[in-house]
Amino acid sequence: MLALLTTTTLTVSLGTDIIGVEARSDGVLVTCDQPVAHTALLDETLWSFDPGQVEDVIASPDGHRLFLKTGSPASGAVRFSVTSASAPALVWTGCLQANARPGPDFPASAIAVRPELDRTPPPGAVELFTGGTTERLQMKRDGSDVTWTVEGEDLVVDRQAGDVVSREPLGSGRYHIEWMSPPGGDPDRQDNGNSGVKFDSRYEIQILNTAGPPHNIKFSEAGSIYRIKAADHNASAGPGRWQVYDVWYTAPIWSQGEKVTDARMTVWWNGVKVHDDELVPVKTGWSIEEGPDPQPFLLQAHGSAAVDEVRFRNVWFVPALSRAPSLRAE
């Protein structure tokens, strides 16, 4: 399973930000927030790597990922950089945990077919549910222990029991949520495998068993900031398959009872960016009213006509290092 242990991220000035670094058995897989455009990033002779040497650089078809082939396992303290006479340096320093999976592996694409999931939370993550215990969660209605069913690594929604929330407010940072919406239901209705995740219990990213491309996605379907904005791309893997949201959420700022800045979200769906630092000016749907008081993160129990229940697994949160208008660079 892949593991990511990042200690420090330094200067990035080549038109892209590094948002993930994964050890592989024969190199390092680097994920960028923008498609790689600068030719310096593709020239292995311009890279330095400690320990080892970059033998080749392979870009994913969508340009978001680079595999730095070193020919040997990458683990422990790692530093890599690339310099070019025509552009400033890119430098990354961190600590990687050994991983037996070889590279390259390029699941991120304009059309998600086989999303790879970040199975191991990074250091400092709040593990809301990573299999087994639900001690960091509680029932929304009364704060009691979670009564949803745990089946191995899966947390199965119980529609009758109601929503589940984190025991404490979480706020700004990166949220990782793996989910599966089962098949069934009328594709023209809103109860076909319906659920959602809400940040500060107010701002929802929809979960639905939405069909994959070429289906024209709507602002009430999976990947949407519910009824505010549809996903920029249909990255759905389809009903009955595990999918993943990675959300960089910035909580709104309030001063003396007045909202100064709106909430913001950058959302990756199965490795495809579908919302880019998007403003969320109001609460979404049937959520609690906006206010200065921080609220828990919420997993929704919603009425559904699907055959089975929505499932969650590997749900974790990494707090933002600092409060900022945007989390795109963090």
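Bear in mind that the values in this text are calculations on the coordinates, not laboratory data. The structure displayed is predicted, hence computed values, not measured ones. As a convention, Cβ positions derive from the backbone with ideal geometry for all residues, glycine included, and neighbour counts pool all protein chains shown.
Which shape class applies to the stretch 126-319: rounded if a/c is under 1.5, otherwise prolate when a/b exceeds b/c and oblate if not, where a ≥ b ≥ c are the square roots of the Cα gyration tensor eigenvalues? Let's see the in-between values first.
Working: a/c = 1.59, a/b = 1.12, b/c = 1.42.
Oblate, because a/c is 1.5 or more while a/b does not exceed b/c.
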For K218, the lysines lying under 18 Å Cα to Cα, once residues fewer than eight places off in the same chain are dropped, come out as K229, K273
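How high is the FRET efficiency between T39 and I253 when r is their beta carbon distance and R₀ equals 30 Å, given to the nearest 0.05? All intermediate terms of the calculation are to be shown ahead of the outcome.
Details: r = 40 Å, r/R0 = 1.33.
FRET efficiency, T39 to I253: 0.15.
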Exposure-ranked with fewest Cβ neighbours within 10 Å first, F129, F317 stand as F317, F129
Long-range amide H partners of V274, meaning residues 5 or more apart or on another chain whose placed amide H is closer than 5 Å, are V267, W268, W269
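Of the listed peptides 270-280, 252-262, 286-296, 199-209, what is their order by residue-averaged count of other C-beta atoms within 10 Å, with the highest listed first? Show your work: numbers first, answer last.
Details: 270-280: 20.8, 252-262: 12.5, 286-296: 14.5, 199-209: 25.8.
Per-residue mean Cβ counts within 10 Å order the peptides as 199-209, 270-280, 286-296, 252-262.
Working out 0.36 nm times the residue gap between E289 and R159, then minus their Cα-Cα distance, what length gain in nm do you get to one decimal? Before the final figure, lay out each step's value.
Numbers: separation 130, 0.36 × 130 = 46.80 nm, distance 2.26 nm.
Contour length minus Cα-Cα distance gives 44.5 nm.
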With label points set 7 Å from each Cα along the Cα-to-Cβ direction at E55 and R101, the distance between them in nm comes to 2.1
